[in-house]
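To start, the structure under review is shown below, and the notes come after it.
The values are calculated or read from the model by the stated rules, or taken from the named source; none is laboratory data. From a predicted model like this one, the values you see are computed outputs, not experimental measurements. Cβ placement follows ideal geometry from the backbone for every residue including glycine, while neighbour counts extend to all protein chains displayed.
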Amino acid sequence: MSIEPILFMCLTMGGVLGLNVLCIILWLRPNARHPPNDARAAAPDASDAPAKPAEP
Amino acid sequence: MAELEQRDQWASRWGLILAAAGNAIGIGNLLRFPGQAGQNGGGAFMIPYVVSLLLFGLPMMWVAWATGRLGGRKGHGSTPGMFEQLWRNPAAKYLGVIGVALPLVFCFYYTYIESWCLGYAWFSLTGDFVSGPGHTVHMATYLEEYLGTTTTTSYFPGYTTTITFALITVLLNVWILYRGVAKGIELLAKIAMPALLLFCLVLVVRIFSLDGGKGTVWDGLSFLWTPNLGALSSPTVWVAAAGQIFFTLSIGFGSLECYASYLKDNDDLALTGLTTVAANEFVEVIFGSLIAIPACAVFFGADQVGNIAGSGTFNIGMIAMPEVLRSFPGVEFFGTLWFLLLFFAAFTSSVGVAQPVIAFFEDEVKMPKAAAAMIVGLFWVLGTIPCIFFQRYGAVDEFDFWAGTIGLVVFAFIEVILFAWVFKMKNGWEELHRGALFKVPRVFYYVLKYVTPVLLLVIFGWWFKDAIANDTLAPVPKVQYAVEDIPQYEGSFAKGAPLPSAGVAGDRAMSEAAAIRKAVSDIVMAREHDMFAWAAAQIEADGRIAVQSLQGDPNLLEALDAAALERLLALEGFHYEPSSKERAAGLAAQPRAVKLQVEGWHRAPYLWLVRVIIIGIVLAFLVMIYAIWRKRAAVAAAAAKAAAEAEAQP
C-alpha cells in the first residue's frame, strides 16, 4: 500500500474523529447541558407575526 | 397550552443525540458509502464529499432542527404545521404535505429492506446459508428467491418467509412508535446505537484478522482510499458525493424536524445538529470503509473489489458479505452480527422517518397515540404488500426513485426557500441560535441563503436528467435468466467479461448483448404480459454454457432462440466456475447438463400502480389537511362570533 491512500485515509478519519471530539468538548462545557434561558430564548419568535387571513 | 404540555419530550440529551444519530445512520453508511467512494475517485471522493457536507449537508441539518423546534413550539410535529410557521400563508401547509406523505411511502419499502436484514440475521444464526455437504448455497439466487424476483424455487418455495419477516419488522416499528418518543424511540436508540458500535468494532477486529484469502484488507483500503484526482474534473463524481451526503444525513424527510419539535427553547440546536452530523460521519467514514470492502478484498482478491463495489448496495451487503463470512470460521456468530448491525441501523432510521406521520395524526388530527399508531400501522402493512409481491417488477426501486430520491430534493428545496427567503434568514438564524451556546460561523448564513438552494436545484436537475437517460421514467420490461435447481452444483455460476467464444469484447459486446435483451423486452412490451422460456443446456469443460434447445412462450421464442440465448450468455460472460473440490476430482472437464429459465417481466402496470399509490397518498393527506384546517377556521370563527356577541350584550 503506497503512502497516498494512507495519507487520505488518515486525514479523513482524523478529521472525522476531531469533529467528534470537538462535539464532546462542546457538550462538556459548563452550561452546555442546561444553557441559561436568556432573553432570546424567552422572546417571541418571528412566526408570531400576524397571519394572513385563513381559508373560509 | 394544554395540548403543548401533552406532547412528548425527550427524556435526556444523550438519548436525543443517539436517536438523531440513529435516524441518520442507516444501511447506506455501511454499504452505499464504500461503493460510491471506490467508484468515484477513491480518496479523492472525499474532497467533493466534504464540500457537499459543508455547502448543503450541514446547513440543511440546521434548517431541519430550527424549523422543527419552531413548529414544535406551536404544537406541530409535522411539516404542514411547521411550514405554516415559516410562511403565514394558506398554501404553506399544502407544501408541507411532502414531509408527511413521502416518509410514509419511504417506510413501505425501507422496512421491507430492513426485514431482509432481520431475515438474514436469522438465516445466519440457524446456519441456513452455510455450505452443506455436496453443495454450495448460491447467494445471488438465494437473495433473488427470498425476494421472489425469480421463479426458481431452490431455496424458498414461496413468499411465506419474506412475508413473515416483513410483518415482524413492521410490527416492531409500530410498537416502538406506539411507546412514544422517550419510552420508544429514545429507549431503542439507547440500546441499538451502542450495540451497533460494538458490532462494528467486533467485525472490524474480525476482518482485520482474516487471512488465507485471495487478497488482504490492505487491498480493500487501497482501492477505497487511493486518490484519483483526475476524477474530480467529472461532474458525475461531484453529484455522486452530493447524493451520498443527501442520503446519509436523512435530510429532506421531515423526520429530523419532527425530532426537533420535541425540544425545549433552551436546547442548543446548532450543537445538536453538528453532533448528529459528526456521529453519522463517524460510522460512515470509519466503519463504512473498514468493514465491507476490506472483507471482500480478503475473500475475492484485489482484482474483484472494483466489480463488487460497483455491483450496488445490496449485492455488497446481501451477496458478497455472506460469501465472505461463511468462508471463515464462526459464520453463525459473525454473520448474525453483520445482519443485526444492518438491521439496527435501518430500524433506528425507519422509526425516525415514520414519527412525523404519527405526529401528524396526533397533533393535527388530534388522535390518541394508540389510534395514530394503529392507523399508520395499517397503512404500513398495506403499503408493504406491493413492495413484496411486485418486487420482481421493480416496485422497491420505483418507490425509492420518487419518494427516496426526487422527493427528498424537492422537499429540501422548498424547506430551504421557506426558511431562508420567506421566513427570512435573519429570523431563521435567530431561531437556530435561540438558547444556543455554540455559535454557527457567520459564513453559513450566506451559504444557506444563496449556495444551498442553487446546489439543490443542480442536484435535482442532474438526477432527473439521469433518470431520463437511463429510462427510469419509462417502465421497460425486465429480462433475466436463472439456473434451475442450483443447489445441485457445488461450484458457482458467475457473470464477468465476455467469454472468448463471444469473439468480441468491451463496448461492442455490451451493445450486442443489449440488442438481444431489447428484442425480448420489445416483444414483452408489445404483447403486454410476463413471458417465460426454459432452456436445456450443457456446461462445457471450459465453463461456458452451450444452449441446446429453448421452449416456452411462443411470443418470447419469436425474439429469442437457443443460439441467441447462448450468444447472450457468452457476451455477458455467464459461465460456471467449478469448486476447488470439483477441480481436484476432475469433474470440471466433464460436460454436465443444466436447465436455464428465461424470464421477461412486463413491469409497466405494476410501476404505474406504485405511482398511483404515491399520488393517492399525497392526495389523501392534502384532503385531510384541507378538512382539518377548514374545521379549525370554522371553530375559530364561531368562537370569535360568540365572543363578539358576549361583548355586545349589556
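Annotations
- Any hit, segment A:28-36, residues being at pLDDT below 75, at the interface with another protein chain (Cβ under 7 Å from one of its Cβ atoms), over 19 Å from the mean Cα position of the chain (by Cα) and exposed (fewer than 13 other Cβ atoms within 10 Å of the Cβ): no
- Selection from segment B:222-237 of residues that are of a type in the set (Gly, Ala, Ser) and assigned to a loop (DSSP other than H, G, I, E, B): B:SER234
- Members of segment B:232-279 found to be at the interface with chain A (Cβ under 10 Å from one of its Cβ atoms) and within 22 Å of the chain's Cα centre (by Cα), listed by number: B:THR276, B:VAL277, B:ALA278, B:ALA279
- Selection within segment B:379-435 - within 21 Å of B:VAL100 (Cα to Cα) and of a type in the set (Gly, Ala, Ser): B:GLY383, B:ALA395, B:ALA403, B:GLY404, B:GLY407, B:ALA412
- B:TYR49 vs. criteria under 26 Å from B:ILE617 (Cα atoms) and in contact (Cβ under 8 Å) with a residue 60 or more places away in the chain: no
- Within the option set B:SER131, B:SER78, B:SER115, being modelled with pLDDT of 95 or more, closer than 30 Å to B:LEU325 by Cβ and among the small types (Gly, Ala, Ser) holds for one residue only, B:SER115.
- Here B:PRO356 fulfils each of the conditions (1) at pLDDT 95 or above; (2) over 28 Å from B:HIS76 (Cα atoms); (3) touching a Pro at 6+ places or on another chain (Cβ under 8 Å) apart from (2).
- In segment B:489-583, counting only strands (runs of 3 or more DSSP E) that sit wholly within it, the ones holding 1 or more residues that are surrounded by 15 or more Cβ atoms within 10 Å (Cβ to Cβ) and more than 35 Å from the chain's Cα centre (by Cα) span B:531-539, B:545-552.
- Options B:PHE389, B:PHE361, B:PHE334: the member that is aromatic (Phe, Trp, Tyr) and at pLDDT below 95: B:PHE334
- Number of positions in segment B:168-194 that are part of a helix (DSSP H, G or I) and either more than 20 Å from the chain's Cα centre (by Cα) or closer than 18 Å to B:ARG7 by Cβ (or both): 16
- Qualifying residues in segment B:430-461 (those that are aromatic (Phe, Trp, Tyr) and surrounded by 19 or more Cβ atoms within 10 Å (Cβ to Cβ)) - the one nearest to the other protein chains (Cβ to nearest Cβ): B:PHE438
- Of the residues making up segment B:373-394, those that are within 16 Å of B:ILE617 (Cα to Cα) and either in contact (Cβ under 8 Å) with a residue 12 or more places away in the chain or basic (Lys, Arg) (or both) are B:ILE375, B:VAL376, B:GLY377, B:PHE379, B:TRP380, B:VAL381, B:GLY383, B:THR384, B:PRO386, B:CYS387.
- Filter pass, B:ASP219 being touching a residue at least 40 places away in the same chain (Cβ under 8 Å), out of contact with any Gly (no Cβ under 7 Å at 6 or more places or on another chain) and part of a loop (DSSP other than H, G, I, E, B): no
- Long-range neighbours under 7 Å by Cβ, at least six apart or interchain, first residue more than 9 Å from chain A (Cβ to nearest Cβ) within segment B:622-638, second surrounded by 15 or more Cβ atoms within 10 Å (Cβ to Cβ) and not polar (S, T, N, Q): B:LEU622/B:TYR94; B:LEU622/B:VAL97; B:ILE625/B:PRO80; B:ILE625/B:LYS93; B:ILE625/B:TYR94; B:ILE625/B:VAL97; B:ILE628/B:GLU364
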